[in-house]
Amino acid sequence: MTRTVLDVRDLHVSLRSGERTVTPVDGVSFDVRAGESLGIVGESGSGKSLTLKAVLGLLPRGGSTAGSVSYSFADGPTEVDADRVRGRGAAMVFQEPMTALNPTMRVGDLIAEAVRMTGSRRPGVIRQRVHELMAGVGIPDPERRARMWPHELSGGLRQRVMIAAALATEPEVLLCDEPTTALDVTIQAQILRLLRDLRRERELAMVFVSHDLAVVAEVCDRVAVMYAGRIVETGAVADVLRAPQHPYTAALLASAPSFVGGSGRLATIPGSPPDPRAFPSGCRFAPRCTFAVEDCRSSSYTLAGADGGATACIRPEVLAEAAA
C-alpha cells in the first residue's frame with residue numbers, strides 16, 4: 001500500500017480575538033499519500049488556508065492548535081516540528097506571490113536561500129541549482145531572470161519562482177494555497193499542468209486549496225469540502241462532482257458558471273457563512289440549506305460513509321431524490 005505521507009487528525013485551530021478565543025478550524029481530519037493530490041474546497045472563510053498554515057506551524061501570533069499532525073517521510077515518521085518539517089519535508093506555495101516574495105531580493109537569491117537549507121555552500125553549485133530549478137518549472141532564460149526583481153516578472157513567472165523555491169529542498173509534501181487565483185485562465189492552465197506533472201515525476205503528496213471545484217478537478221484525485229471550519233464531504237473527485245452527497249457541495253456546483261448552454265442567472269447560496277464567534281448548533285449549513293429539518297439543527301455532526309466517500313449530511317437520500 002502507498003505510504004501515507006501526511007496524516008491530520010481532529011485538528012482544531014484557535015485564535016485570540018480581543019478577550020475571546022475563537023475556533024475557526026474545528027475538528028478537521030484528512031490524509032494524503034505519496035503521489036496523491038487532495039483538494040480542499042469551500043467558500044472564503046471556511047478555514048481552508050488556516051488549516052494549511054496550521055499543518056506547517058505558520059499560525060499568526062496568538063494562534064494555537066489541538067489534535068495531531070504527523071508526517072511519514074522516507075527517512076521515518078515525525079510529529080510536526082517546524083524546524084524539521086517546514087521547508088524540508090514539506091513546503092508551501094502561497095496564494096499571491098507578489099506579497100509572498102521579498103521585494104528587496106532578486107528572485108535567484110530567494111531560491112538560493114532555499115537551496116542552502118539542503119546543506120549546499122559553494123556559490124557555483126548553488127547558482128547552478130537555482131538555474132536548474134527555474135528551468136524545471138518552465139522559466140525561460142533562467143540565468144537572466146535569476147537576476148531580476150519580483151516586480152519585473154509577470155504574475156505567471158512569479159508563481160513559477162514560488163514553486164521553484166518550494167521544490168528547492170526536495171519536499172515530499174507540497175501544500176498549495178490557491179496558487180492560481182490571481183492569474184488569467186491561460187497562465188492558470190499552465191501552472192496547473194506544471195503542478196500535475198511535478199507531482200507525477202516526483203511522487204509528491206500534494207494538498208491543493210481552492211474555492212474552484214473545476215480547478216480541483218484538474219489536479220486532484222480526492223476532494224474534501226469544507227464549510228464553517230469543518231469537512232462536510234469527502235470522496236474521489238469524479239464521484240463528488242457527479243453525485244454530491246451534501247447540500248453544500250451541491251450548492252457550490254450549482255453556483256458555478258457553465259460554458260455549455262444556459263443563459264439564465266447563476267444559482268446562489270442564500271445567506272452568508274456563519275461567524276466563527278457564533279457557529280450554529282447541529283449542522284452549520286442548516287440555516288442556508290433548502291433541505292434542512294429540525295433534526296439538522298440538533299443532530300451530531302460527523303462524517304459517515306463507505307467506499308472512500310463520506311458526508312456529514314444526515315439526509316443524503318433527500319438530495320439524491322431531488323437530483324433524480
Check your understanding: Between the range 214-228 and the range 142-200, how many Å separate their Cα centres?
Key -> 20
Review point. Tilt of helix 107-116 relative to the longest C-alpha principal axis of the chain, in degrees (0 to 90, nearest 10)?
Key: 90
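Among R265, R222, R193, R202, which comes first, second and so on when ranked by fewest other beta-carbon atoms within 10 Å? Intermediate results must be reported in sequence, preceding the final value.
On the way: R265 6, R222 23, R193 13, R202 16.
Fewest to most other Cβ atoms nearby, the residues stand as R265, R193, R202, R222.
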Check your understanding: Simple spin-label model, 7 Å along Cα-to-Cβ: S70 to S255 in nm?
Key -> 3.7
Point to revise | Ranked D7, D177, criterion: other C-beta atoms within 10 Å, fewest first | key: D7, D177
Study note, to complete from the structure: Taking Cα atoms only, helix 123-136 is inclined relative to the longest principal axis of the chain by an angle, in degrees rounded to 10, of 40
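Multiply the residue separation of R61 and V318 by 0.36 nm, subtract the distance between their alpha-carbon atoms, and state the gained length in nm to one decimal. All intermediate terms of the calculation are to be shown ahead of the outcome.
Working: separation 257, 0.36 × 257 = 92.52 nm, distance 4.36 nm.
Using 0.36 nm per residue and subtracting the Cα-Cα distance, I get 88.2 nm.
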Exercise for review: Report, in whole Å, the centroid distance computed from the Cα atoms of the range 273-324 and the range 32-68.
Suggested key: 22
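For the chain, what is the calculated [θ] at 222 nm in deg cm²/dmol (nearest 500), taking -39500 (n - 2.57) for each run of four or more DSSP H residues and dividing by its residue count?
On the way: 12 runs with 104 residues, N = 324.
Computed ellipticity for the chain at 222 nm equals -9000 deg cm²/dmol.
Just order 47-58, 140-151 by mean Cβ neighbour count inside 10 Å, highest at the front, would you?
47-58, 140-151
Above 29 Å lies some portion of the pair distances; for the chain, what is it as a whole percent of all C-alpha pairs?
On the way: 21188 of 52326 pairs.
Tail of P(r) above 29 Å: 40 percent of Cα pairs.
Read-outs: derived from the displayed coordinates by stated rules, not from any lab. From a predicted model like this one, the values you see are computed outputs, not experimental measurements. Note that each Cβ is placed from the backbone with ideal geometry, even for glycine, and that neighbours are counted across all protein chains shown.
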